[in-house]
Amino acid sequence: MLLTIDDLHKSYPGAEGLVTVLDGVSLELAAGETMALTGESGSGKSTLLHLAGGLDLPDRGRILLAGTDVAGLDDRGRARLRREVVGVVFQQFNLIPSLDVGANIAFQARLAGRHDAAWCRDLAARMGLADHLGKYPEQLSGGQQQRVAIARTLAARPALVLADEPTGNLDEVTAASVLELMLELVAESGAGLLMVTHSERLAAAMGRRAHLARGRVA
Ligand SMILES: Nc1ncnc2c1ncn2[C@@H]1O[C@H](COP(=O)(O)OP(=O)(O)OP(=O)(O)O)[C@@H](O)[C@H]1O
């Protein structure tokens, strides 16, 4: 199993004591599977995504990522797992302002030791970025920046792609076509995809769905 989440608990300190966000969440994602993560605002979707990617640790419960128990790793081990196994696309694109589009796309793949120039060019072309490779992030529209962020993640061929509303900045039609492309690319690489979305339409295009409510997968 690519990702196993078992009985995950997470609370945050609030004004009136601890607020339980995740209260026994379990799910499994196999390689090649795509899953939409839905739920009301504040239901804990981003929290779950962060935990799944080893960006934060749960209070209780187990996360197995490509067979490795995330809780058993130190900071360095978790950083390595993130670099080599996981690709994240967050709402903030976190592009590197001093690098042009081509270098931004190649960046993560280089870090993971898997840079492949032909694959990067192919991704850029399919994301409609071929004419923008020499530009800098500030010279791009929000939607173009978002596509660079997605291409950068996929360029490293991660085993698991975690995405938080990756098409949130795009209009409905562009969002649907970018998602379609993401699903195609993820399927080609055999990766698993766990994606937060508020869109019923996008959720319906994914293989499975996990709906978070009252701290659990309903
Ligand atoms: N670092 C933190 N410290 C304290 N509370 C937090 C922290 N991160 C999240 N929370 C709280 O946990 C709850 C779940 O937040 P989370 O961002 O996971 O929800 P979400 O389902 O992704 O919401 P949205 O759809 O609005 O992005 C919220 O009540 C939020 O205020």
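All of the numbers you see were taken from the coordinates with simple rules; none came from a lab. None of these values were measured; they are calculated from a predicted model. Cβ placement follows ideal geometry from the backbone for every residue including glycine, while neighbour counts extend to all protein chains displayed.
For the reader, a short list of remarks on this structure follows.
- Size of the chain from its Cα atoms: along the principal axes, largest to smallest, the extents are 50, 37, 34 Å.
- Estimated 222 nm signal from helices in the chain, with DSSP H stretches of n ≥ 4 weighted -39500 (n - 2.57), rounded to 500: -10500 deg cm²/dmol
- Inter-part distance where segment 72-102 and segment 118-154 are each reduced to a Cα centre, Å: 17 Å
- Put simply, when 124-130, 68-74 are sorted by average Cβ atoms within 10 angstrom per residue, most first, you get 124-130, 68-74.
- In the chain, the DSSP beta bridges split such that about 50 percent are antiparallel, to the nearest 5.
- Here the peptides 86-95, 160-169 are ranked by packing, the mean other Cβ count within 10 Å, and the order with the highest first is 160-169, 86-95.
- Where a label projected 7 Å from the Cα of S177 along Cα→Cβ would reach, residues of segment 107-151 with amide N under 19 Å: 122-133, 140-151
- Dipole magnitude for the chain: computed about the Cα centre from +1 point charges on Lys and Arg Cβ and -1 point charges on Asp and Glu Cβ, it is near 400 debye.
- Average projected area [Cα convex hull, segment 145-202], square nanometres: 3.6 nm²
- Separation of the R62 and E184 label points, Cα + 7 Å toward Cβ, nm: 4.0 nm
- Considering only L18, L29, L123, the mean-square fluctuation computed in a Gaussian network model of the chain, springs between alpha carbons under 10 angstrom, is largest for L18.
- Sorted from longest to shortest, the spans of the Cα atoms of segment 1-77 along the three principal axes equal 40, 29, 18 Å.
- Rounded, prolate or oblate (a/c below 1.5 giving rounded, otherwise prolate when a/b exceeds b/c) for segment 53-109 by Cα gyration tensor: prolate
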